[in-house]
Amino acid sequence: MRLIGIQAAILLALYGGSSAATEHGECANPEMTEQFNECVWQSFVRADEDLEFAFLMALEGARQIDDIFPDGPATAEAQIYYSQQDFYNYRDSKCAADALPYQDADLYSAVVYSCLEAMTRRRDEDLRAVWEAN
């Protein structure tokens, strides 16, 4: 098994299979660690773009709730906004901590990006559930 195959197996075990990016084009079978890291990065970027859309939709849903209940103690919009900021702080800290054992390895970037992607996709699902329920 090539080194990349070993790295992919480790990431699969850690994060449940990262990357839609590794299923397409050049990322279907990366030959070098740099390619693999780039593919995992691209997958994270796509997940982050999806999350941004879900966040905007959740904010819109929250504004609708605020219109119905204008005298609440805190606005739904503010709660969504601040929970998103908390999510980013937690996600980034957790992924940095998860990658500490790999800090001197070629696998470090891929571990960070795979963690970021997995957590971002979970948050995306959570936010979509908020705005789809409204």
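The values are calculated or read from the model by the stated rules, or taken from the named source; none is laboratory data. The structure presented is a predicted model; accordingly, all values stated were derived computationally and were not measured. Backbone-built Cβ (ideal geometry, glycine too); neighbour counts: all protein chains shown.
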Scanning the range 34-81 residue by residue, those of a type in the set (D, E, K, R) and either touching a Gly at 6+ places or on another chain (Cβ under 8 Å) or not in a helix (DSSP H, G or I) (or both) turn out to be Asp66, Asp71
Checked Phe55, Phe36 against criteria (modelled with pLDDT of 90 or more and either touching a Cys at 6+ places or on another chain (Cβ under 7 Å) or not acidic (Asp, Glu) (or both)); the one match is Phe55
